[in-house]
1. At 15 angstrom or more along the helix axis (alpha-carbon based) and mean Kyte-Doolittle of 1.6 or higher, what helices does the chain contain? Whole DSSP H runs only.
2. With Cβ to Cβ distances under 15 Å as the rule, what net charge do the other residues near ARG72 carry (K, R +1; D, E -1)?
3. Helix-only estimate, please: 222 nm mean residue ellipticity of the chain, summing -39500 (n - 2.57) across DSSP H runs of length 4 or more and dividing by its residues, to the nearest 500.
4. Which of GLY141, GLY154, GLY103 moves most in a GNM of the chain, Cα contacts under 10 Å?
5. Based on the Cβ-Cβ distance from VAL108 to TRP134, what FRET efficiency comes out when R0 is 22 Å, to the nearest 0.05?
6. Report, in debye and to the nearest 20, how large the dipole of region 3-248 comes out about its Cα centre when Lys and Arg carry +1 and Asp and Glu carry -1 on their Cβ.
7. When only C-alpha pairs under 8 Å and at least 6 residues apart count, what is the relative contact order of the chain, in percent?
8. Along the positive direction of the dipole of region 3-248 (beta-carbon charges: Lys, Arg +1; Asp, Glu -1; about the Cα centre), which of GLN68, ALA111, GLY218 reaches farthest?
Amino acid sequence: MTETELLLALLFLGVATLYSSVGHAGASGYIAAMALLGFAPEQMRPTALALNLLVGGIGLYRFWRGGQVRWRNVLPFVLASAPAAFLAAQVQLPKESYSLLLGLILLVAAAGVFRHAARAENEDIEATGRQVPWFPALLVGAVIGVLSGLTGTGGAIFLTPLLLFAHWMPTREASGTSVAFVWINSLTGLAGLLHATGTLPVALPLWLVVVAIGALIGTQLGLRWLPVRNLRYALGIVLLIASGKLIFA
């Protein structure tokens, strides 16, 4: 085990903890950490998606057990996103074609999340019990599925702020919906990537252990320990990290 691998494990622990607290699995953070430490570019996407599967699986189970996953609201998003992510993962576009634009979109989303955080409790009361409209959800799912496949992320960094801005569901349920979405997208995205390139993920046992620990801590924060206002701030930080990764990659 080299010093670089140990440092990466610590970064992965922090990423998994922070991201899982808001219903994400951390792919954009893992990619940023690997890029920072000189990881081989062709290994970044499959490794990030493999770690996403583990962290997202833990998050999905815990948010579902906590009553924050309503499958009727998850279904339209994943029906459209899963095939889109599978196909888009096989497309190799120059990063310059989309990174700056997506990074700026996430930067604007982060600003919106921070701005609305103080009103989180009231907005959650208004959004409680709502059902997501099917046609808009299918359209959103398809678009995010394409973005997920292209960027090697699970797509939650795009879905969660949209769910909150549209007032389709309260904060914790948005996290539960996002983690279900991200797990399915990561599975289909990884399958599409392996089908196209045959490149296997690099996931050392230590990395798997630390991201699992991070997921357990983070989901406890998201479900029980953090008030919704602080969850919104945590989401804003996640979006800033993802935005920086895309803009400066």
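Coordinate-derived values only; no laboratory data. The model shown is predicted, which means the values in this text are computed figures rather than measured ones. Cβ coordinates were reconstructed from backbone atoms using ideal geometry, including for glycine residues, and neighbour counts include every protein chain displayed.
1. Numbers: long enough: 3-20 (25 Å, 1.46); 41-65 (36 Å, 0.19); 71-88 (25 Å, 1.19); 99-116 (25 Å, 1.92); 134-151 (25 Å, 1.86); 171-197 (37 Å, 0.60); 205-220 (23 Å, 1.82); 228-248 (30 Å, 1.33).
Answer set is 99-116, 134-151, 205-220.
2. On the way: positive: ARG70, ARG130; negative: GLU173.
Result for the local shell: +1.
3. Details: 11 runs with 189 residues, N = 249.
Value at 222 nm, helices only, nearest 500: -25500 deg cm²/dmol.
4. In this elastic network of the chain, the residue with the biggest mean-square fluctuation among GLY141, GLY154, GLY103 is GLY103.
5. Values: r = 27 Å, r/R0 = 1.21.
Computed FRET efficiency for VAL108 and TRP134 comes out at 0.25.
6. Working: 14 positive and 9 negative charges, 100 e Å.
That gives a dipole near 480 debye.
7. Working: 445 pairs, mean separation 103.7, N = 249.
Rounded, it is 42 percent for the chain.
8. Value computed over the given set: GLN68.
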